[in-house]
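One structure is given here, and the rest of the page talks about it.
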Amino acid sequence: MARIQLKDLRKSYGNAHVIKGVDIDIEDGEFCVFVGPSGCGKSTLLRMIAGLEDITSGSLTIAERRVNDLPPAQRGVAMVFQSYAIFPHMTVRENVAFGLTIAGASKAEKAAKVAEAARILQMEHLLDRRPSQLSGGQRQRVAIGRAIVRQPKVFLFDEPLSNLDAALRMDMRMEIGKLHKALGATMIYVTHDQVEAMTLADKIVVLKDGQVMQIGTPMELYQNPANLFVAGFLGAPSMNFLKVTVQAVNGNTALVSNAALDPVEVSTRSASFKAGDAAILGLRPQYLSIAEAPGRLQGTVALTERLGAETMVEVKLKDDSSLIAALPQDVVFPVGAQVAFDFAADKAHLFAAP
Amino acid sequence: MISADTQGLRLATRYAVLVLIALIFVFPLVFMVMSSLKPDQQLLQDSGSLRAFLPVGDISLDNYAAAFQRAPVWTFVFNSVLITGVTVVLSLVVCSAAGFAFVFVRWKGRETLLAILLATLILPFETIAIPLLLMAANLPWLGLDGISWGWMNSYRIQIVPFIADGLTVFLFVQYFKDLPGELIEAARVEGASWAQIYRKVVMPLSGPILATAAILKFLVMYNQYLWPLMVTQEEGYRPVMVGLQYFFQLNVAWGEVMAYLSLITVPVLAFYLYLQKSFIASIASTGVKG
């Protein structure tokens, strides 16, 4: 059982605090994705779990064992790096078998395990090649192969797909997903790509400035973002934020409006508001629909992007703020046309103004 | 539009310039070899004209025979090759391991020690020769016949002080810094010890810098003169450069000097040609990165 627990984990370089007290609980067999903008500390956190960075304070346990001070090799983890980090002077076979060679495995054992890994990753025909003769995707397979032969309890992926082109990235993403199901191991995956996070994760950890912003399943985070940062980070195009004023509060709902928005009653969830407060209303572009007049929001079309199956419309609202709507059909709006949008009040999110 | 003729002319000019530069470097060698084939009188007469570079006149191998008679040439060459070879091999091992520790392993005082090591680069050997000699004269040695004192008149005193040096460590440090750090981290996660990482990952990727360090060390060691002169009084331990003295005692025979020099140049050229490819690759790669 490889449950991973991070308790008040911190990392500082002198006075620079990079990780500022992180608590995460990753269940055995879970696929956990660390996501956040560059510099948020997600890679540092992964490297701390791998043992490549010292832990300044806090505790890290893997499989109920405190591993703070153990070297990487004794933590039972395997890691796949962004640059693949496969050894250029060894053949694919030697690369994949590297960990086994170090551990002193017999020739027969090595051959069997390498063959098994090659079968899973469909790279039997590459085993005698050198890394310089491989494409990016093939190199990534070798790196993953090297990780799986040792049958570790925990896999760590540090932005493994960011050096691949878009089409290959999607293929490899699906393969990693399948691999997780096949192996059933605990996996931690670092990425700045929210699509990878949404599609692969059982649990997403959103990080910003070395702090956890929210932890939850992809749908929890998408539907119930805890704060403006999470709301704006997940989902493409990003959630629209409208500055509104709270008119009245009634239990768990609040009546909000602004110059461009007719008063609408939305859930306050856990936040507390009082009448007169400034607030931010979050509306996902996908939840906006064209209204039969008059509609809740009115504005003029600034830009239309036709993507075939859907259409992105940028609208200038009456209060000069702008809003993007993702419409699930191909529609043509001339620039300057008047449009009105509706949305379901239960899909709107209300946040305290920062 | 540049015509084919203009292009050909340009190419010809470029090669002509390169050939000229190459000749400037080759002439002293040609002069040495040609002179070694001539009797002294003719050698001195020819040296004022182009004949100095041509195998003309009274050509023979007499000078070589005489050189072997005057000095134990093979002993000197053997000593130099032995001392140089052993020092180069040990130096590559020790200095690359030191460079490895400076670049990849985190330990207290690492940067200070590296700075001190690099500072030794500005000390000429002559400044430490005398203190080193005093130490060498008093060092203990555990040999087959028990403990003895003093390292004078031995191979080891010509080898040990030159195994580790700041320049060679510095070369390795610079090269290792350019290796992708993720390779080392990957090996660590896979369970490799520092020794295994050094042996199985870093050294196999260090071909060019090993060749460079080997050639530089070889040249320094093969050209040793002052130190062996200070620490060896017995002919049996003396290297080639000290052996050159034998040709300047009593009457100077230039033909024999040239014959001796030709002979002792052969190992250097052979070693350089052997490593030439890696050496150029290394210089070229550092040039691109620098």
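The values are calculated or read from the model by the stated rules, or taken from the named source; none is laboratory data. Note that the structure is predicted; figures quoted are calculated from it, not measured. Because the Cβ atoms are built from the backbone with ideal geometry, glycine has one as well, and the counts that use them run over all protein chains shown. Surface accessibility is based on the protein's heavy atoms, side chains included, excluding ligands, DNA and RNA. Shrake-Rupley method; radii C 1.70, N 1.55, O 1.52, S 1.80 Å.
Counting only residues that are open to solvent by less than 60 Å² (accessible area, probe 1.4 Å) and either within 11 Å of chain A (Cβ to nearest Cβ) or touching a His at 6+ places or on another chain (Cβ under 6 Å) (or both), how many does region B:199-228 have?
Result for region B:199-228: 6.
Please determine whether any residue of region B:229-237 is closer than 27 Å to residue B:270 by Cβ and either among the acidic types (Asp, Glu) or within 14 Å of another protein chain (Cβ to nearest Cβ) (or both). Yes: one or more hits. Of the residues making up region A:284-299, those that are more than 17 Å from residue A:320 (Cβ to Cβ) and open to solvent by less than 50 Å² (accessible area, probe 1.4 Å) are A:284, A:285, A:288, A:291, A:295. Applying the criterion of being in contact with a helix residue (DSSP H, G or I) (Cβ under 9 Å, 6 or more places away or on another chain) and open to solvent by 80 Å² or more (accessible area, probe 1.4 Å) to the residues of region B:76-115, the residue that is modelled with the highest pLDDT is B:89. Screening residue A:122 on (1) farther than 19 Å from residue B:180 by Cβ; (2) assigned to a helix (DSSP H, G or I) shows it passes everything except condition (2). Inspection of region A:58-81 identifies at least one residue that is surrounded by 20 or more Cβ atoms within 10 Å (Cβ to Cβ), under 19 Å from residue A:131 (Cα atoms) and not aliphatic (A, V, I, L, M).
The condition of being open to solvent by 40 Å² or more (accessible area, probe 1.4 Å) and part of a helix (DSSP H, G or I) does not hold for residue A:265. Set side by side, the residues A:236, A:231, A:271 differ, and just one is buried (at least 17 other Cβ atoms within 10 Å of the Cβ) and among the aliphatic types (A, V, I, L, M), which is A:231. Screening region A:1-54 for strands (runs of 3 or more DSSP E) wholly inside it with 2 or more residues that are closer than 26 Å to residue B:105 by Cβ and away from every other protein chain (no Cβ under 14 Å) returns the ranges A:4-13, A:16-26. Selection of first residues in region A:263-282 that are under 18 Å from residue A:229 (Cα atoms) and of second residues that are surrounded by fewer than 13 Cβ atoms within 10 Å (Cβ to Cβ), restricted to Cβ pairs under 6 Å at least 6 apart or on distinct chains, gives the following pairs, ordered by first then second residue: A:268/A:252.
Residue check: residue B:196 meets all listed conditions (1) more than 24 Å from residue B:160 (Cα to Cα); (2) among the polar types (S, T, N, Q); (3) more than 14 Å from chain A (Cβ to nearest Cβ); (4) assigned to a helix (DSSP H, G or I) but one, namely (3).
Applying the selection to region A:290-299, what residues are of a type outside the set (Asp, Glu) and over 20 Å from residue A:257 (Cβ atoms)? Quick ask: steps written out before the conclusion?
Step one: of region A:290-299, the residues of a type outside the set (Asp, Glu) are A:290-291, A:293-299.
Listed by number, the list holds a single entry, A:290.
A search for C-beta distances below 6 Å between a residue of region B:38-59 that is assigned to a helix (DSSP H, G or I) and any residue that is of a type outside the set (Phe, Trp, Tyr) and open to solvent by 80 Å² or more (accessible area, probe 1.4 Å), counting only pairs 6+ apart in sequence or on different chains, returns B:42/B:58.
Just one of (1) farther than 30 Å from residue B:264 by Cα; (2) aliphatic (A, V, I, L, M); (3) open to solvent by less than 60 Å² (accessible area, probe 1.4 Å) fails for residue B:142. It is (3). Take the residues of region A:323-345 that are part of a strand (DSSP E or B) and of a type outside the set (A, V, I, L, M): which is surrounded by the fewest Cβ atoms within 10 Å (Cβ to Cβ)? Here the residue is A:338.
Among strands (runs of 3 or more DSSP E) entirely within region A:137-212, having at least 1 residues that are crowded, with 16+ Cβ neighbours inside 10 Å and of a type in the set (Phe, Trp, Tyr) singles out A:154-158, A:186-191.
Inside region B:37-75, can you point out the residues that are among the hydroxyl-bearing types (Ser, Thr, Tyr) and either modelled with pLDDT under 85 or surrounded by fewer than 18 Cβ atoms within 10 Å (Cβ to Cβ) (or both)?
B:47, B:49, B:60, B:75
Applying the condition of being of a type in the set (Gly, Ala, Ser) and in contact with a strand residue (DSSP E or B) (Cβ under 9 Å, 6 or more places away or on another chain) to region A:239-262 and asking which residue is most open to solvent (accessible area, probe 1.4 Å) yields A:259.
Taking region A:76-120 as the region of interest, how many residues are away from chain B (no Cβ under 12 Å) and in contact (Cβ under 8 Å) with a residue 40 or more places away in the chain?
Matching residues across region A:76-120 total 2.
Residues in region A:198-215 that are of a type outside the set (A, V, I, L, M, F, W, C) and over 11 Å from the mean Cα position of the chain (by Cα): A:208, A:209, A:210, A:211, A:214.
Does residue B:157 satisfy being within 14 Å of another protein chain (Cβ to nearest Cβ), open to solvent by less than 30 Å² (accessible area, probe 1.4 Å) and not aromatic (Phe, Trp, Tyr)?
no
In this structure, residue A:132 qualifies as touching a residue at least 24 places away in the same chain (Cβ under 8 Å), hydroxyl-bearing (Ser, Thr, Tyr) and part of a helix (DSSP H, G or I).
Note on region A:300-322: among residues that are open to solvent by 70 Å² or more (accessible area, probe 1.4 Å) and part of a strand (DSSP E or B), the one that is farthest from residue A:262 (Cα to Cα) is A:306. If you go through region B:176-193 and pick out every residue that is open to solvent by 40 Å² or more (accessible area, probe 1.4 Å) and either more than 14 Å from chain A (Cβ to nearest Cβ) or under 30 Å from the mean Cα position of the chain (by Cα) (or both), you end up with 3.
No other residue among B:136, B:119, B:101 is farther than 30 Å from residue B:198 by Cβ and either in contact with a His (Cβ under 6 Å, 6 or more places away or on another chain) or not in a loop (DSSP other than H, G, I, E, B) (or both) apart from B:136.
If you go through region B:145-175 and pick out every residue that is over 23 Å from the mean Cα position of the chain (by Cα) and not in a loop (DSSP other than H, G, I, E, B), you end up with 4. The set of residues in region B:1-36 being polar (S, T, N, Q) and open to solvent by 70 Å² or more (accessible area, probe 1.4 Å) consists of B:7, B:13.
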